[in-house]
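Here is the structure we will look at.
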Amino acid sequence: PGWPLEDMDAALVLDAGLVALPDSTLLNVRAVGEGVRSGPAGLVAEWLTVEATVPFEDIQAELGQDTRVRAAEDAGQAMVVRTVAVAGRDLTVVATGTVEVVDGLLVVEPHSIDLGGPDFLSRRTADLVRRFVTIEHAIVGLPEGLALLDVDVQNEGFRAVLEGQDVVLVEGAER
């Protein structure tokens with residue numbers, strides 16, 4: 001399978017501006033299924049590709065209060081700004097990192113962490129606060145069998161591409 005749609009023999013196409021899932025929200029969702037059939041297992045797509053944007057707000061909620069996530073100035077990078085208490089002081093941490101897929105998770109591991117203090121203090125303290133600004137996000141609520149293949153940073157969130165084979169869209173009725 002591949003894009004654009006004109007090149008595909010698609011049996012199922014879904015375009016939605018918003019998909020509200022039990023534990024997350026996805027924006028600008030496009031799902032294309034090939035070889036969709038109904039049988040004892042339910043409604044199954046032989047191949048399913050989903051492109052969707054995970055909004056920054058969902059990631060911010062995971063990281064905790066007073067956290068902002070946005071696209072960084074450098075293409076393909078995200079920025080996390082968060083206030084963290086270290087040694088009784090509140091520090092504003094600005095971390096920037098490249099987004100990638102690691103073991104099926106959307107991950108942003110900071111490459112740079114700025115605490116606004118002297119370099120010696122920043123380098124030493126940065127190691128302590130790294131876990132507060134690292135993003136490890138599982139895209140949940142979609143049918144099982146989809147694997148996260150690619151992710152990119154956009155202005156409104158992380159654009160993800162997931163694909164899978166023999167994906168059960170709707171489970172069959174219990175007999």
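The values are calculated or read from the model by the stated rules, or taken from the named source; none is laboratory data. Every value quoted in this text rests on a predicted model; they were computed, and no experiment measured them. Here Cβ is always computed from backbone atoms with ideal geometry, including for glycine, and neighbour counts include all displayed protein chains. Only protein heavy atoms, including side chains, enter the accessible area calculation; ligands, DNA and RNA are left aside. Shrake-Rupley method; radii C 1.70, N 1.55, O 1.52, S 1.80 Å.
Here are the numbers for the structure shown:
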{"item": "Neighbours by Cβ (under 6 Å, 6+ apart or cross-chain): first from segment 89-102, within 13 Å of Thr134 (Cα to Cα); second among the polar types (S, T, N, Q) and modelled with pLDDT of 90 or more", "result": "Thr96/Gln77; Thr98/Gln77"}
{"item": "Candidate set: segment 19-65, residues that are among the hydrophobic types (A, V, I, L, M, F, W, C) and touching a helix residue (DSSP H, G or I) at 6+ places or on another chain (Cβ under 8 Å); chosen: the one surrounded by the most Cβ atoms within 10 Å (Cβ to Cβ)", "result": "Val32"}
{"item": "Any chance Ala85 is under 30 Å from Ser112 (Cα atoms) and at pLDDT 85 or above", "result": "no"}
{"item": "Whichever residue in segment 139-153 is of a type in the set (A, V, I, L, M, F, W, C) and open to solvent by 50 Å² or more (accessible area, probe 1.4 Å) and, among such residues, is modelled with the lowest pLDDT", "result": "Val140"}
